[in-house]
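Encoded as structure tokens, the structure appears first; notes follow it.
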Amino acid sequence: MRAVKIVARFFSAAAIMACVSFGSVKHAEAAPITLANGEIFDPEYYAQQNPDVVAAVGNSPQMLYQHYTMFGKAEGRLPYAGADSATQQTQDPNAILAQRIANCKIEAFKGVWWFNSLYEDATLTWQGSSVSLEYHGGSSWASGYGRNAAWEDESALFNYAQYAADYPQVAAAVGNSKEALWQHYKTKGVYQGLNAYATTEKANAKLIALNNIPSIIAGKNTAYDRIKAVHDWLIANTDYDIENFYRGTIPERSYYIEGPMIYHLGVCNAYAETFDYFMYVLGIPCEVVNGYANGGDHAWNRIVLDGAEYFVDVTWDDNNYVKGWTKPEYTYFMVSFQKMSRDHYAEDYLPCYGK
């Protein structure tokens with residue numbers, strides 16, 4: 001079965017044009033351009049120096065600048081002749097974020113083999129011949145086995161057949177084996193903006209989140225503004241799975257990140273887990289809080305910002321009973337422990353992703 005298609009790329013050309021303008025740049029002109037945001041970029045120089053990028057995204061100034069902003073800076077590629085790659089790479093927060101997103105994309109494909117069973121979001125710890133497995137929802141332990149009984153596999157969830165089908169020029173160059181295609185993706189493809197798909201919905205859900213992050217936080221330079229942007233975007237793109245809730249038929253996916261990201265439906269745990277994943281990628285300390293509210297089990301989030309703790313309940317800031325509702329509320333956004341405790345009662349704090 002074909003993997004679920006990831007629905008968003010990093011930036012559309014229209015979104016880029018809303019931020020910068022290349023006017024009527026002709027490819028024959030080699031002079032660097034000073035953009036409206038103050039950056040200097042020479043699309044022809046960039047194309048000449050990076051034929052692999054041109055092969056992946058084309059040679060339009062907009063697409064070349066998109067690649068440079070989201071990937072090229074992190075890779076040390078120069079925007080124009082004479083630019084200082086070290087300065088470009090270390091001082092630009094967009095480059096740091098792009099590298100973080102690339103790392104998280106590679107990480108999304110990792111799995112752990114445990115006695116012929118594959119686990120996602122899991123970690124192994126070896127001590128001699130004893131090994132422990134930790135994963136969402138539980139743990140296991142075994143002793144007296146060799147390391148061929150349990151191991152981490154960085155490409156376990158990589159849909160290499162889909163990657164080869166989507167990019168036949170890559171397969172023609174490196175071959176059709178999983179090992180060769182994975183090596184290409186993790187060293188080149190992910191930095192060139194090539195999409196890859198996973199063999200599980202959870203991993204594909206993470207990739208959708210990662211592909212959306214740059215547009216969600218565009219123009220948001222503070223941690224607070226980024227937290228709010230994710231809060232608002234999640235509400236605008238997710239409905240509470242109210243019909244299944246009332247019928248008592250909530251599917252498993254509605255409890256986890258794949259619910260909001262793929263099906264645009266979820267219950268409180270899905271809202272909280274998905275919000276936690278966004279914070280993990282953005283480097284903002286966050287936990288999922290399990291407890292009860294309004295007479296039943298509930299989940300929300302705890303955030304640490306500038307040394308202080310705040311609480312966010314994206315579920316209750318969504319208008320759960322109106323399908324397609326996109327306007328967020330802020331009653332439970334970045335509130336104190338005292339205020340949240342008026343009607344939320346915490347039992348466990350669980351760092352789902354930011355372990």
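Throughout, read-outs are computed from the coordinates displayed, never taken from laboratory work. In this text the structure is predicted, and so the values were computed from the model without any measurement. Please note: Cβ atoms are built from the backbone with ideal geometry, for glycine as well, and neighbour counts cover all protein chains shown.
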Between the Cα axis of helix 268-282 and the main Cα principal axis of the chain, the angle (0 to 90°, nearest 10) is 40
What the Cα atoms of the stretch 284-323 span along the principal axes, largest first and in whole Å, is 35, 21, 11
Dipole check, the chain, charges on Cβ (K,R +1; D,E -1), about Cα centroid: among Gln62, Phe109, Tyr271 the Cα furthest to the positive pole belongs to Gln62
About its Cα centre, the chain carries a charge dipole, from +1 on Lys and Arg Cβ atoms and -1 on Asp and Glu Cβ atoms, whose size in debye to the nearest 20 is 620
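Are there any trypsin sites (Lys or Arg not before Pro) in the stretch 56-159 that are in a DSSP loop and have at most 10 other Cβ atoms within 10 Å? List them by number. Spell out each step's value before the answer.
On the way: sites: Lys73, Arg77, Arg100, Lys105, Lys110, Arg147; in loops: Arg77, Lys110, Arg147.
Within the stretch 56-159, the qualifying trypsin sites (Lys or Arg not before Pro) (loop, at most 10 other Cβ atoms within 10 Å) are Arg147.
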Binned at 5 Å from zero, the C-alpha pair distances of the stretch 36-136 give percents of 2, 11, 18, 16, 13, 7, 7, 8, 9, 6, 3, 1
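If you take the C-alpha gyration tensor of the stretch 134-291, multiply each eigenvalue by 5 and take the square root, what semi-axes do you get, largest first, in whole Å? Mind dumping the intermediate values first?
Numbers: eigenvalues 180, 107, 58 Å².
For the stretch 134-291, the ellipsoid semi-axes come out as 30, 23, 17 Å.
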With only helices counted (DSSP H, runs n ≥ 4, each -39500 (n - 2.57)), the per-residue ellipticity at 222 nm for the chain, to the nearest 500, works out to -10500 deg cm²/dmol
Per the rule of 0.36 nm per residue minus the C-alpha distance, extending Asn244 to Thr187 adds in nm 16.3 nm
Between the Cα axis of helix 201-216 and the main Cα principal axis of the chain, the angle (0 to 90°, nearest 10) is 60
Between the modelled labels at Phe337 and Asp92 (7 Å from Cα along Cα→Cβ) the distance in nm is 4.2
Pseudo-spin-label distance Asn148 to Leu194, built 7 Å along Cα→Cβ, given in nm, is 3.2
Rounded to the nearest 10, the angle in degrees between the Cα long axis of helix 223-237 and the longest principal axis of the Cα atoms of the chain comes to 80
log10 I(q)/I(0) for the stretch 96-219, Debye formula on C-alpha points only (no solvent), q = 0.19, 0.20, 0.22 Å⁻¹, two decimals, reads -1.03, -1.09, -1.19
If one builds a Gaussian network model of the chain from Cα atoms under 10 Å apart, the most fluctuating residue listed among Val288, Val54, Val312 is Val54
Checking Phe158, Phe333, Phe275 against a Gaussian network model of the chain (alpha-carbon springs below 10 Å), the top fluctuating residue turns out to be Phe333
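At a temperature of 20 °C and a viscosity of 1.002 mPa s, determine how fast the chain diffuses translationally according to Stokes-Einstein, using the Kirkwood radius over alpha-carbon pairs as Rh; express D in µm²/s, rounded to the nearest whole number. Let's see the in-between values first.
Details: Rh = 22.2 Å.
Taking Rh from Cα pairs, D becomes 97 µm²/s.
Expected output is a single nm value to one decimal: the length gained when fully extending between Ala81 and Tyr292, i.e. 0.36 nm times separation in residues minus the C-alpha distance. What is it?
Numbers: separation 211, 0.36 × 211 = 75.96 nm, distance 5.90 nm.
Full extension from Ala81 to Tyr292 adds 70.1 nm.
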In nm, the gap between the two label points placed 7 Å beyond Cα toward Cβ at Asp348 and Trp126 is 2.9
For the stretch 111-153, the Cα convex hull volume per residue in Å³ comes to 57
For the stretch 220-350, the Debye formula with one identical point scatterer on each Cα and no solvent gives log10 I(q)/I(0) at q = 0.10, 0.13, 0.18, 0.20 Å⁻¹ as -0.28, -0.48, -0.94, -1.18
Per the charge dipole of the chain (beta-carbon charges, Lys/Arg positive, Asp/Glu negative, Cα centre), the residue among Thr125, Ile213, Trp300 reaching farthest to the positive end is Ile213
